[in-house]
Every structure is written in C-alpha cells, then in structure tokens.
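K.L.:
Please read through the structure below; I'll follow up with questions.
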Amino acid sequence: MAAQPANTVQALREELGQRLQAARQTPRAMPAECYTSSDYLALERDQLFRTQWICIGHAGEIAKPGDYYTTELVDEQLVVVRDKAGQVKVLSNVCRHRGNVVARGAGHAARFTCGYHGWTYGIDGHLLAAPLMQESAGFQKSQCHLHEFRCELWQEYIFVNLDGAASSLREALEPIAPVIKNYHPAEQNFLFGAEEVWNTNWKCVVENFMEGYHLSPLHPTTLHPITPTALCEKLPNGAAFTGYRSNFNPTCPERGPYHPDLSEKERRSDVFYSVFPSFVVGFCPHFTLYMCTRPLTPDTVAIRWGVTGNASDPTSKVVTDYVQLCKDFCAEDRRELEQLQKGLKSRYYQPGPLAPDNFEGTVHDIIDYMARHLGLSSNTAALK
Ligand code: FES
Ligand SMILES: [Fe+2]
C-alpha cells in the first residue's frame, strides 16, 4: 500500500519528534518529505541555517590581507575577506545605498566599489566614498558600514552565524580536540578548492559523507581497498557533532606524508566528523578533505569542498593523485545521491531501518539533531 505523503510541515515535525522519543535500538531513516518538501526546507533555512554555525569555506582560500571571495547562504549575499590586520571577516555583500551586490567573484581587492552608483567600501566594510552624497539630507557616512556577521574560525574553517545568537562553536567542539590534535589541521596547507552543485538534498550529502556503510558497495575500486565498510567504528558524538573512524585494510600501503605526531592507529585510519548541521570533514593521515554544504532548493545543494595537507606544493604528484581520488569517489557518490533524490519522491517508500552504530550510527545522530531542533512533541511544544 502506498504511504500517505505527510502533507504539512507540522506532521513532519511531529514525526521527527517521535523519532527522538523512540528507542535507539530501532532507528529508522527520516521521512522522505524532509528531503523533498519546499516548505520543510523553508523551515530548515530559517531555523537552522540562519541560527546555527554554518561553515562557508577555509581560511586558506584567502591567505593574504585583501583576499576575498563571495558566496550566498539562504539568500544572504556574503563577502568573506581577510582584513588589513589579517582577521577573517564575513560581511554582507549588499550595498547600503539601494541594495545592489557590491563585490563579485573572488580575488584580491584594496576596496569594494558598488557597480551601480559607485559607493566605495574599505575591505573592513566601512564606507569610504559616496559620489555627490554630501548634500543629501540624512546621509551619514559613518552609519553606512556593510553589515558584519558573527564569524568563528575552527581549525581554519570559517563558520558564520547569521542571527548572531548562537553559543560558542569552539566550546561545543571541545570534545573533538583530543581526537584530531595530532593531525594539526590548522597548520596544514590549503591545496585545492572547488564549488559544485549536485542534484540532491543537502542532508543526503552530509549523511553520505558521514556513514561507512556504503564504502564497500558503492566504492568497490576507489575506497573499499583502503577503508572497507566492515572495519568502520563509530566515535562518541556530542550535541554539535558526530563522527566515525574508518580503519585501513591491513593490505593498504601507508598513506603519507603524515605528521610525525600521528599514532600508529591514526596512521592506519581516517576520522570523519560532521559539525551539525551542514559541515563535514575527513582527517586522513596525509590530507584533510572537507565539504561545506548549502541548500539551494530541496533537490539541489551547493558544495564548497577542498583539500588541505602537510604537502606544500599543490601541483606535486602526491597532491594531484589525492585530489583525483577525491574527484573519483565523489563522482560515485554524486551519481548515487542524484538517483536517491528521485527515489525519495516515491509515494511507496517508507523510511527503512538503519544499520548498526558502527556503520550508520552517525546518521542516527544526524536525525537526533534534526529532531532536537525541528521536532515537535505531539502537544506541539518544540523539543529542545
Ligand atoms: S546600490 Fe550601491 S551605489 Fe547605489
Ligand atoms: Fe562515498
């Protein structure tokens, strides 16, 4: 019999609330409409992407003062810039005159000039000049600073909190610190960056990155020989993150160059974390791979991804080989996730059971997070 589609966001929220209350022993996937409904995405945009810490890139992308790139997050136009003091700032890329977008693309700038009427801003967002405005009643140059969003760096990843009210990110991620400290991620070199749009829901990308269950069946030649599904281990989760370790096949050769502080276990495994809701990162002995996801529509996601590592030359063979491996297994993931998105629209699909914790416990943690933030109890009080 066909499952009845949940026809309201309210019904989806109550369903999520029930997931939170259900025993951990019987975890199931999220309702399909959580991946396909525009109304549900509107809720996520308002109640997650505007209120939580959202990673939008790596500080290595803007290494020198004046370097910048533009991006968009839930219809906010942003310019991410390294100021003269070397600090990373996230500014609203919207002109204080009549709202045009100020900076375009990416590059290096001494100032930003709006293309519409020529207002010019410093790279810290202060208005420097506004042609012919001296005699305009009510114009005060000092009141026309580009809005600055709250920003925190964690291991050189740039996180923005649009509503400015989130609690400290660094504190929430403190439990991860001892697990990743030997990799010294903040000292790694930025080696590769790209942005892509995939035809799938943003949560499909996050869940996929975070579960080892698919490694052997979906990546038989790229990842299975290195990190087969059977050797995956769940790591402790927290309110703001979840993680797992994928241990190397004993026949897999050593992967270097690695940091000399890495333990034997760290040299023979990869560690994956998701910083909820939308950032994922994998620490390998030799490189770190990350993805910042941003929803565009229920069926499309922007992915800003990159690679950092101990190697210093981005054109060296060890780097280009690893980036190519990432492109190869990402192409396998993308092909499958774009099909998954079609399957999720079926009225006959009912959310299935999840695999044991070592393989899909991270997905259950993601569902718990969604339920805590967006779920409702049956009497419609928000669950917190
Ligand atoms: S909108 Fe930017 S100068 Fe007019
Ligand atoms: Fe994968």
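None of the figures in this text is laboratory data; all of them are computed from the coordinates on show. Since the structure is predicted, the reported quantities are computational estimates derived from the model, not experimental observations. Ideal geometry is used to build each Cβ from the backbone, glycine not excepted, and the neighbour counts take in all protein chains shown.
K.L.:
Under 17 Å from the Cα of K89, which lysines turn up, not counting those fewer than eight places away in the same chain?
P.N.:
List returned: K64.
K.L.:
Give, in nm to one decimal, the length gained when the segment between T315 and N189 is fully stretched (0.36 nm per residue of separation minus the Cα-Cα distance).
P.N.:
Here the segment from T315 to N189 would lengthen by 44.1 nm.
K.L.:
Would you please name the trypsin sites (Lys or Arg not before Pro) within segment 78-165 that are DSSP coil residues with at most 16 other C-beta atoms within 10 Å of their C-beta?
P.N.:
K84, R98, R104
K.L.:
How tilted is helix 317-343 with respect to the longest principal axis of the chain? Cα atoms for both, answer in degrees (0 to 90, nearest 10).
P.N.:
Between helix and principal axis, roughly 80 degrees.
K.L.:
Would you mind checking the tilt of helix 9-21 against the longest principal axis of the Cα atoms of the chain, expressed as 0 to 90 degrees and rounded to 10?
P.N.:
Taking the Cα atoms of the chain, the angle to 9-21 is about 50 degrees.
K.L.:
Please give me the summed charge of the neighbours of A331: other residues whose Cβ is under 12 Å from its Cβ, Lys and Arg +1, Asp and Glu -1.
P.N.:
Combined, the nearby Lys, Arg, Asp and Glu give -3.
K.L.:
Amide H of S269 versus every other amide H placed in the peptide plane: which residues, excluding those fewer than 5 positions away on the same chain, fall under 5 Å?
P.N.:
So S269 has HN proximity to F248.
K.L.:
Right, another one. Taking only Cα atoms and a 10 Å spring cutoff, compute GNM fluctuations for the chain and point out the largest among A129, A311, A186.
P.N.:
A129
K.L.:
Among the lysines, which have Cα under 18 Å from the Cα of K342 when same-chain residues fewer than 8 positions away are ignored?
P.N.:
Qualifying lysines at Cα under 18 Å: K203.
K.L.:
Per-residue HN-Hα couplings for segment 214-224, Karplus 6.51 cos²θ - 1.76 cosθ + 1.60 at θ = phi - 60°, whole Hz, x for Gly and Pro?
P.N.:
Each residue of segment 214-224 in turn: 8, 4, 6, x, 8, 10, x, 10, 8, 10, 3 Hz.
K.L.:
Any of K234/K327; K84/K327; K84/K317 with alpha carbons more than 30 Å apart? Name them for me.
P.N.:
From the list (K234/K327; K84/K327; K84/K317), the Cα-Cα distance tops 30 Å for K84/K327; K84/K317.
K.L.:
I would also like to ask the following. For helix 357-374, report the angle its Cα long axis makes with the longest principal axis of the Cα atoms of the chain; keep it between 0 and 90° and round to the nearest 10°.
P.N.:
50 degrees
K.L.:
Something else now. Along segment 42-54, what does the Karplus equation 6.51 cos²θ - 1.76 cosθ + 1.60 (θ = phi - 60°) give for ³J(HN,Hα), rounded to whole Hz, x for Gly and Pro?
P.N.:
Listing the rounded values in order: 4, 5, 4, 4, 6, 9, 10, 6, 8, 10, 9, 7, 10 Hz.
K.L.:
Please report the spacing between the Cα centers of segment 109-132 and segment 354-374 in Å, no decimals.
P.N.:
Centre-to-centre (Cα) distance: 46 Å.
K.L.:
When a footprinting reagent is the concern and you count Cβ atoms within 10 Å, what order do E14, E44, E33 take, fewest first?
P.N.:
E14, E33, E44
K.L.:
To continue, here is another question. Which GluC sites (Glu not before Pro) from segment 183-283 combine a DSSP loop assignment with at most 12 other Cβ atoms within 10 Å?
P.N.:
Passing both the DSSP loop test and the Cβ count: E254.
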